[in-house]
Amino acid sequence: MGNRVCPQCGQEYSDTYRKCPFCEEEEAEKRGKPLRRRGGKRLSRRKRSAGAGGIMLLVTAVVIIGVVGYVFFGDQIAGFMGIRREQSQQEDQQEDVLPPEDGGDGQTGEDDGGDSQAPEGNQPDGSPLALDFETITIPAGETARLTATGGTEAVTWSSSNDNIATVEGGSVTGKAGGTVTITAASGEESVSCTVTVTGDPWVSDAKLSLNKTDFTLYSGNPDVQMKVSGTDSPVVWASENPNVASISESGVVKWVGKGTTNVTATVDGQVLTCIVRCR
């Protein structure tokens, strides 16, 4: 004797039956003529196995319970098991370390009581004082940077005319058209840069004057020194005819050839003129 499995209802029955007794019983119940067999009537619904559908429901319930437990109790479970997530470790490390560009030193972010920023300005090292530029040109309203190196003491800055350009810590700001001298001093040393500011010139309302306004210069005579009174600003000297008389940057007039010309002094926005007659 053996067992068979019904292809219709899936029930297992003895091979002593020619047909599935469970299917025959159901058909008889549907017709209203129950079968009468020895051993009593089979209760088909009680003896049927749960089948594949019941298994799927059980698996689905287990999955749902697992997801809900992870969402609400995942951290507690991980802590209980002594597991720390790699992502959390990386975030903790990033919070403990400050990058150099944010004022840190690449180490922990604890305050060690020190100053993480380098002090501003020139650091004296005993070498000769020097500037990175001897001359610069900037438009009025803009700023340029001068850097001093060397020296024995802290550097102090000054401008020959704050109306044309100001200086603070090496930052030169143009105010009005003209030329000024920016000076950096350290101890007994000093260096300077000539700054030309382009734009509308600044005109001083001071009363400026030349030491000479008209003179005659003979060949072989000593040179003549020109000066401007009423200002300490640098003067720009020029000769309208250098073939007759020349004038140096410091205002020294020399005889060149016979004739008459004008020499001019431009300072603080004013132009002063002197007549030079060469004989």
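Within segment 120-133, can one find any residue that is closer than 27 Å to Asp268 by Cα, aromatic (Phe, Trp, Tyr), modelled with pLDDT of 50 or more and part of a loop (DSSP other than H, G, I, E, B)? For segment 120-133, residues closer than 27 Å to Asp268 by Cα, aromatic (Phe, Trp, Tyr), modelled with pLDDT of 50 or more and part of a loop (DSSP other than H, G, I, E, B): present. The residue that is modelled with the lowest pLDDT, among those in segment 254-268 that are within 13 Å of Val228 (Cα to Cα) and surrounded by fewer than 20 Cβ atoms within 10 Å (Cβ to Cβ), is Thr266. For segment 240-253, what are the residues that are under 24 Å from Ser229 (Cβ atoms), touching a residue at least 24 places away in the same chain (Cβ under 8 Å) and crowded, with 17+ Cβ neighbours inside 10 Å? Hits for segment 240-253 are Ala245, Gly251, Val253. Output the number of residues of segment 171-180 satisfying the condition of being modelled with pLDDT under 95 and either within 15 Å of Ala130 (Cβ to Cβ) or in a strand (DSSP E or B) (or both). Count: 4. A Cβ distance below 9 Å, combined with a sequence gap of six or more or placement on separate chains, defines the contacts here; from segment 210-221, residues that are without any contact (Cβ under 8 Å) to a residue 60 or more places away in the chain reach residues that are in a loop (DSSP other than H, G, I, E, B) and surrounded by 13 or more Cβ atoms within 10 Å (Cβ to Cβ) in the pairs Asn211/Met226.
The set of residues from segment 193-242 being at pLDDT 95 or above, of a type in the set (A, V, I, L, M, F, W, C) and assigned to a strand (DSSP E or B) comprises Cys193, Val195, Val197, Leu210, Phe215, Leu217, Val224, Val228, Trp237, Ala238. Any residue in segment 20-36 that is surrounded by 10 or more Cβ atoms within 10 Å (Cβ to Cβ), modelled with pLDDT under 65 and touching a helix residue (DSSP H, G or I) at 6+ places or on another chain (Cβ under 7 Å)? Looking through segment 20-36, none of the residues is surrounded by 10 or more Cβ atoms within 10 Å (Cβ to Cβ), modelled with pLDDT under 65 and touching a helix residue (DSSP H, G or I) at 6+ places or on another chain (Cβ under 7 Å). Checking each residue in segment 163-207 for being within 15 Å of Gly269 (Cα to Cα), under 32 Å from the mean Cα position of the chain (by Cα) and open to solvent by 40 Å² or more (accessible area, probe 1.4 Å) picks out Lys175, Thr196, Thr198, Gly199.
Restricting attention to segment 6-16, the residues that are without any contact (Cβ under 8 Å) to a residue 12 or more places away in the chain and open to solvent by 80 Å² or more (accessible area, probe 1.4 Å) add up to 2.
The values are calculated or read from the model by the stated rules, or taken from the named source; none is laboratory data. Note that the coordinates shown come from a computational prediction; the quantities given were computed from them, not determined experimentally. Glycine also receives a Cβ, built like all others from the backbone with ideal geometry; neighbour counts cover every protein chain displayed. Surface accessibility is based on the protein's heavy atoms, side chains included, excluding ligands, DNA and RNA. Shrake-Rupley method; radii C 1.70, N 1.55, O 1.52, S 1.80 Å.
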